[in-house]
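Below is one structure; the comments refer to it alone.
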Amino acid sequence: MKRTMSLAALAVILACGTASAQQINVKIGVLTDMSSLYADDTGIGSVIAAKLAAQDFMKDHSNVKVEVISADHQNKADIGTNIANQWIDVDRVDMIADVPNSGVALAINEVVKGKNKVFMASGPASSDLTGPKCSPNTVHWTYDTWMLANGTGKAIVKNGGDTWFFLTSDYAFGHALERDTSAVVTANGGKVLGAVRHPINNNDFSSFLLQAQASKAKIIGLANAGGDTINALKQGAEFGIAAGGQKFAGLLIFAPDVAALGLKTAQGLTFTETFYWDLNDGTRAWTKRWEKERNSPGKLPSMNMAGVYSGTLHYLKAVAALKSAADGKAVVAEMKKLPADDSVYGNSTVRVDGRVLHPAYLFEVKKPEESKYPGDLYHLRATIPADQAFRPLKDGGCPLVSG
């Protein structure tokens with residue numbers, strides 16, 4: 001009898017030992033814009049960021065094998081959802097990352113929730129992802145329209161830019177950014193004189209700029225991003241917007257956009273970001289690694305790419321803690337329990353609504369003569385603490401928030 005019990009106990013010990021050393025396989029899909037207006041701000045740079053996170057994590061977790069795949073959603077919700085369904089149902093993808101374009105992201109948000117996987121939304125901006133559309137399977141990293149509006153809009157109004165006209169990208173992201181910025185402008189004593197909506201990936205802003213000029217608004221708010229922002233600013237310079245006394249507010253600007261515009265055109269732009277490659281020693285060291293993998297001299301990482309890295313790393317920590325990536329809702333719940341800490345974003349926390357809290361920074365683009373070395377683009381004008389950078393939890397309307 002004793003021998004039988006000893007053998008049984010030994011079997012349990014061996015089983016436990018095998019389980020503790022059991023390999024965990026994780027598959028991550030970076031769904032992004034590889035070929036259109038957001039490609040320079042996300043695209044291959046986001047894929048590289050995810051791979052760097054996987055490499056860093058596997059160094060310290062030999063029992064975790066991470067595979068990163070990628071695809072181009074072409075800024076179309078139907079293509080994005082088809083890829084997501086294929087990835088989850090056939091390719092066994094556990095987590096989908098990046099997804100610039102809020103229209104695509106809101107669709108992916110529903111797909112992932114229905115299939116109980118994880119959406120690490122580092123690319124989209126719509127604050128609805130942690131508001132009425134919040135999900136127990138989604139974490140919103142990097143930034144959102146509320147943060148952009150309150151960081152940039154409030155600063156500009158307080159400095160005298162109290163009348164606004166919006167050039168708005170005509171889809172979910174642009175609508176949310178115009179809505180959130182308009183609220184900030186009026187709450188701080190400013191006035192919105194009008195708005196015009198333009199197609200995504202637009203080349204000719206002539207008619208829209210004429211309407212903005214005719215409004216006589218002090219500030220032309222660009223509720224767009226990527227190639228649309230670049231085109232609007234370049235054509236605005238040709239139209240002599242600044243000479244007429246009006247100023248642009250780039251509500252979503254990335255370092256690659258500023259590099260593409262050049263300091264002569266972009267100088268003086270004020271905007272909010274949560275990452276800048278030259279912010280501190282940690283961001284500079286990570287950028288060197290990213291540049292080596294990117295192997296394209298002169299390219300700079302964006303905050304989207306940095307968000308992919310940080311979010312992926314934190315996701316993998318939660319998977320390791322649970323010893324499984326199978327239950328997406330459980331993984332996200334674990335991400336909310338664990339503190340996030342890395343060299344790119346520093347200390348962050350994931351709130352109950354899925355909003356990641358970290359500081360934001362108000363930057364101003366340098367004049368050409370102020371830039372001392374390649375990539376020296378910004379003056380840091382203000383640091384917005386994490387507890388002030390994002391919308392208060394009570395104001396979002398997220399169904400996950402009780403009371």
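The values are calculated or read from the model by the stated rules, or taken from the named source; none is laboratory data. Remember, it's a predicted structure, so these values are computed and weren't measured experimentally. Glycine also receives a Cβ, built like all others from the backbone with ideal geometry; neighbour counts cover every protein chain displayed.
Quick rundown of the values:
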read-out	value
Selection count where residues are touching a strand residue (DSSP E or B) at 6+ places or on another chain (Cβ under 6 Å) and buried (at least 20 other Cβ atoms within 10 Å of the Cβ), scope segment 363-376	1
Qualifying residues in segment 287-312 (those that are in contact (Cβ under 8 Å) with a residue 60 or more places away in the chain and more than 14 Å from Ser46 (Cβ to Cβ)) - the one surrounded by the fewest Cβ atoms within 10 Å (Cβ to Cβ)	Gly298
Extreme residue, surrounded by the fewest Cβ atoms within 10 Å (Cβ to Cβ), among residues of segment 84-111 that are among the β-branched types (Val, Ile, Thr) and under 20 Å from the mean Cα position of the chain (by Cα)	Val111
Any hit, segment 268-287, residues being within 26 Å of Ala183 (Cα to Cα) and among the aromatic types (Phe, Trp, Tyr)	yes
Search result, residues across segment 164-188 that are in contact (Cβ under 8 Å) with a residue 60 or more places away in the chain and under 22 Å from Lys76 (Cβ atoms)	Tyr171, Ala172, Phe173, Ala176, Leu177
Scan of segment 318-348 for residues that are over 14 Å from Asp94 (Cα atoms) and among the basic types (Lys, Arg), ordered by number	Lys336, Lys337
Test result for Leu177, under 18 Å from Leu251 (Cβ atoms) and not in a helix (DSSP H, G or I)	no
Filter result (surrounded by fewer than 16 Cβ atoms within 10 Å (Cβ to Cβ) and not in a helix (DSSP H, G or I)) within segment 202-238	Asn203, Asp204, Lys216
Any hit, segment 174-185, residues being buried (at least 24 other Cβ atoms within 10 Å of the Cβ), closer than 24 Å to Asn101 by Cα and in contact with an Asp or Glu (Cβ under 7 Å, 6 or more places away or on another chain)	yes
Hits in segment 254-277 (condition: at pLDDT 95 or above, part of a loop (DSSP other than H, G, I, E, B), of a type outside the set (Phe, Trp, Tyr) and within 17 Å of Ala360 (Cβ to Cβ))	Thr274
Enumeration of residues in segment 38-49 that are in a helix (DSSP H, G or I) and out of contact with any helix residue (DSSP H, G or I) (no Cβ under 6 Å at 6 or more places or on another chain)	Gly43, Ile44, Val47
Neighbours by Cβ (under 7 Å, 6+ apart or cross-chain): first from segment 327-349, in the same structural domain as Val112 (by TED's automatic domain parsing) and surrounded by fewer than 18 Cβ atoms within 10 Å (Cβ to Cβ); second among the charged types (D, E, K, R) and assigned to a strand (DSSP E or B)	Asn347/Asp341
Selected residue [outside the structural domain of Gly103 (by TED's automatic domain parsing), more than 29 Å from the chain's Cα centre (by Cα) and free of Cβ contacts under 8 Å to residues at least 40 places away in the same chain] from Ala243, Ala195	Ala243
Test: residue in segment 263-278 that is in the same structural domain as Glu364 (by TED's automatic domain parsing), of a type in the set (A, V, I, L, M) and under 18 Å from the mean Cα position of the chain (by Cα)	no
Residue in segment 111-128 that is β-branched (Val, Ile, Thr) and on the phi > 0 side of the Ramachandran plot present	no
Residue match in segment 147-170 (condition: out of contact with any helix residue (DSSP H, G or I) (no Cβ under 9 Å at 6 or more places or on another chain), of a type in the set (S, T, N, Q) and not in a loop (DSSP other than H, G, I, E, B))	no
In segment 58-71, residue farthest from the chain's Cα centre (by Cα) [restricted to those that are within 20 Å of Trp87 (Cβ to Cβ) and touching a residue at least 60 places away in the same chain (Cβ under 8 Å)]	Val64
Residue within segment 286-303 that is in contact with a strand residue (DSSP E or B) (Cβ under 8 Å, 6 or more places away or on another chain) and under 22 Å from Ser126 (Cα atoms) present	yes
Top-ranked residue in segment 308-351 [being β-branched (Val, Ile, Thr) and in a helix (DSSP H, G or I); ranked as farthest from the chain's Cα centre (by Cα)]	Val319
